Amino acid sequence: MLPFLLNRILQAIPVLFGVSLAVFLMVHLIPGDPAALIAGTDATRADVENVRQSLGLDRPLPAQYASFVGRALTGDFGNSFRTGRPVLDEIAPRYLNTVTLGALALLIAVVIGMATGIVSAVRRHSMFDNTALVLSLAGVSMPTFFLGLLLMLVFSVWLNWLPLSGKDTWLHYILPAITLSTASIAVISRIMHASLIEVLSEDYVRTARAKGQRESLVIWRHAVRNALIPVVTVAGLQLGYLLGGAVVTETVFAWPGLGQYITNALLNADMNAVLGGTVVVGAVFIGLNLLSDILYRIVDPRAR
């Protein structure tokens, strides 16, 4: 296990550097001058140049990137251009909100996805199976912002059951979590469905049935346990996608998470905030990917 971990960590290092370099270059391609935005509309050319020098934006791009990487290796992402506060101090509480929302969305996705996948596999070609397939396709295909706005219109505007935005009470979690989990529900449901159908055709399942065991016991003890192996891997990856893909959901519901923070930083050309937030998201996604591989090797002895 230790050589496996070391190998995956060594593979993750260049990936993280590649992500940071790509984002760094894309941020510098964004139209607009951060120094001019920070200096204000009434600033003179000299004021803008002074701001540019104080932020280090007058240096060559390789020097700026090297400086960012050197600071990031020590956990310092610099100060926000907009607020002047350390980026890491601003990211920490917001990412906690994102993790909370992502964990709740994953819980919803795993419970509903596995339940629908199991039932549709056991009742193959039934009305439930066909309906689950159609809903899964709709869940994967429907844009997140459209689903979020639709849920807000129905449950907040028309029915007045749930709040529109914010996170003051537990009710504020419901609509964002459902919106964020919809695509993952569809993915987990289809993976569970396909895996369970494959397992149900195995010889040991037919042997268990031939011995006269109850159908429910055959399904839960023999079939579902073995069908969970690919689901564990997919669920781990889905958490990474949920944490990284919460930008749209947090923007729609004004959720004070890291996705909304990065969006606002992009709109304000706050390069340090964008780079810091993106690197944190990339590092967490890589870590969750590694954790998913570890869990897969634990669950499936054949992968060891």
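List of remarks:
- Hey, Val187 under 21 Å from Val140 (Cα atoms), out of contact with any strand residue (DSSP E or B) (no Cβ under 6 Å at 6 or more places or on another chain) and surrounded by 18 or more Cβ atoms within 10 Å (Cβ to Cβ) or not: yes
- Screening Phe128, Phe145 for residues that are under 14 Å from Ser189 (Cα atoms), in contact with a helix residue (DSSP H, G or I) (Cβ under 9 Å, 6 or more places away or on another chain) and in the same structural domain as Leu275 (by TED's automatic domain parsing) leaves exactly one candidate, Phe128.
- Qualifying residues in the stretch 190-205 (those that are modelled with pLDDT of 85 or more and among the small types (Gly, Ala, Ser)) - the one nearest to Ala132 (Cα to Cα): Ala194
- For the stretch 159-170, the count of residues that are under 14 Å from Ala246 (Cβ atoms) and polar (S, T, N, Q) is zero.
- Filtering the stretch 236-277 to residues that are surrounded by fewer than 19 Cβ atoms within 10 Å (Cβ to Cβ), more than 29 Å from Ala109 (Cα to Cα) and in contact (Cβ under 8 Å) with a residue 12 or more places away in the chain leaves Leu266, Asn268.
- Scanning the stretch 94-128 for residues being of a type in the set (D, E, K, R) and surrounded by fewer than 18 Cβ atoms within 10 Å (Cβ to Cβ) gives a total of 2.
The values are calculated or read from the model by the stated rules, or taken from the named source; none is laboratory data. Everything numeric here is computed off the predicted structure, so don't read it as measured data. Ideal geometry is used to build each Cβ from the backbone, glycine not excepted, and the neighbour counts take in all protein chains shown.
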